[in-house]
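Each value in this text was obtained by applying a stated rule to the coordinates, not by laboratory testing. Bear in mind that the values here come from a model prediction, so they are computed numbers and not experimental data. Note: ideal-geometry Cβ built from the backbone for every residue, glycine included; neighbour counts use all protein chains shown.
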Amino acid sequence: MRLILCVLALMMLVIPACGQETEEEYLDEGVALAMQGKYDEAIQAFDEAIRLDPEDALAWNNKGVALAMQGKYDEAIQAYDETIRLYPEYADVWYYKGLALAVQGEYDEACFPHQPSNP
């Protein structure tokens, strides 16, 4: 009887965790969706990754790329700014931010995007 209670207690702890995705799995899912052109779904996956790990610079960057692919440049720049805050050494994000700024006609800022944009 005691063994059965222990097994049941263990199952109650394990079962809720089944099916839950990790931050990395959401990140991978977002990349796969973006590669298929499913940007809304990709952004949702990146948002879940960010919810699980708000300090994941790659998730923020990938969200910015997906937003930019939809033409949502202001939102993309906000995501890039968060990436820069978390990982300023990541050269690609500076390039992506510069492209988003240039598309909006912000050429001076695009050439020298040294500081996060003001909201």
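Out of all the residues in segment 78-87, is one or more in contact (Cβ under 8 Å) with a residue 24 or more places away in the chain, surrounded by 15 or more Cβ atoms within 10 Å (Cβ to Cβ) and assigned to a loop (DSSP other than H, G, I, E, B)?
yes
Just wondering, is there one or more residues in segment 101-112 that are touching a residue at least 24 places away in the same chain (Cβ under 8 Å) and part of a loop (DSSP other than H, G, I, E, B)? Before you say what the answer is, go through the steps one by one.
So in segment 101-112, the residues touching a residue at least 24 places away in the same chain (Cβ under 8 Å) come out as 101, 103-104.
Retained after the next criterion (residues that are part of a loop (DSSP other than H, G, I, E, B)): 104.
The answer is yes, given that some residue of segment 101-112 is touching a residue at least 24 places away in the same chain (Cβ under 8 Å) and part of a loop (DSSP other than H, G, I, E, B).
With the structure loaded, tell me whether TYR96 is among the hydroxyl-bearing types (Ser, Thr, Tyr), out of contact with any Cys (no Cβ under 9 Å at 6 or more places or on another chain) and more than 22 Å from LEU33 (Cα to Cα) or whether it fails that test. First the steps, then the outcome.
Numbers: among the hydroxyl-bearing types (Ser, Thr, Tyr): yes; out of contact with any Cys (no Cβ under 9 Å at 6 or more places or on another chain): yes; more than 22 Å from LEU33 (Cα to Cα): no.
No; evaluated as a whole, the condition is false for this residue.
ALA49 - would you say it is among the aliphatic types (A, V, I, L, M) and in contact with a Cys (Cβ under 9 Å, 6 or more places away or on another chain)? If you could, list the steps in order and put the result at the bottom.
Details: among the aliphatic types (A, V, I, L, M): yes; in contact with a Cys (Cβ under 9 Å, 6 or more places away or on another chain): no.
For ALA49, the condition - among the aliphatic types (A, V, I, L, M) and in contact with a Cys (Cβ under 9 Å, 6 or more places away or on another chain) - is not met.
Please specify each residue of segment 30-54 satisfying the condition of being part of a loop (DSSP other than H, G, I, E, B) and either among the hydroxyl-bearing types (Ser, Thr, Tyr) or farther than 14 Å from ALA79 by Cβ (or both).
Going through segment 30-54, the residues part of a loop (DSSP other than H, G, I, E, B) turn out to be 36-38, 53-54.
The answer is GLN36, GLY37, LYS38, ASP53.
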